[in-house]
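Inspection log for the structure reproduced underneath, given as structure tokens.
Please treat every number below as a calculation from the coordinates, not as lab data. Quantities reported herein were computed from a predicted structural model and do not represent experimental measurements. Glycine gets a Cβ as well: all are built from the backbone with ideal geometry, and neighbour counts include every protein chain shown.
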Amino acid sequence: MTDNFSTRITFDQKYCLVLLVKEILSQLNEVAALRKQKRSAEISLLILREMCSVLRDLEPSLQEAYFEILLSLADKSRSPARHTVSESFVQASVGAKRRFIQSIRMDLVENL
């Protein structure tokens, strides 16, 4: 990953973006695993959309940093998707994931 954006964003913002990218990739794996198991991925897709909704509100330098981090982490995360995801896990984790999304939104968008 290049550091051409490091002067425009803070360390905390970069850290939030890394966390967001990791969570989005994990959520994509969850959706894929549920679909592979022929289970409903409706809740997981809703959470994925909520996570991605933060992106459209980012200022251009943060969007640029997001895509650079995404490319860097996606190349490194060639790990296999989860083999099983239970619907009870999905339902139990919704609250925590929504709190994460709100926290990231506040750190990246609302505290500018």
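Sorted largest first, the principal axis extents computed over the alpha-carbon atoms of the chain equal 45, 29, 18 Å.
Order these by the 10 Å Cβ neighbour count, fewest first: TYR66, TYR15. All intermediate terms of the calculation are to be shown ahead of the outcome.
Values: TYR66 23, TYR15 12.
Starting with the residue having the fewest Cβ neighbours, the order is TYR15, TYR66.
What FRET efficiency comes out for the pair THR10/GLN37, r = Cβ-Cβ distance, R0 = 35 Å, nearest 0.05?
Working: r = 40 Å, r/R0 = 1.16.
Efficiency, rounded to the nearest 0.05: 0.30.
Within the chain, the longest run free of trypsin sites (Lys or Arg not before Pro) that sit in a DSSP loop with at most 11 other Cβ atoms within 10 Å is 39-77.
Pairs of alpha-carbon atoms within less than 8 angstrom and 6+ residues apart define the contacts here; what relative contact order does the chain have, in percent? List each step's numbers first, then the result.
Values: 79 pairs, mean separation 47.7, N = 112.
Relative contact order here is 43 percent.
Summarising the label geometry, the points placed 7 Å from Cα in the beta-carbon direction at VAL109 and LYS22 lie 2.2 nm from one another. Note on the chain: GNM, Cα springs under 10 Å; of LEU46, LEU55, LEU34, the largest mean-square fluctuation is that of LEU46. Placing dummy labels 7 Å off each Cα toward the beta-carbon, the span from ALA74 to ARG56 is 1.9 nm. Backbone phi angles across region 18-24, fed through the Karplus curve with coefficients 6.51, -1.76 and 1.60 (θ = phi - 60°), yield HN-Hα couplings of 4, 4, 4, 4, 4, 5, 5 Hz in residue order; Gly and Pro are listed as x.
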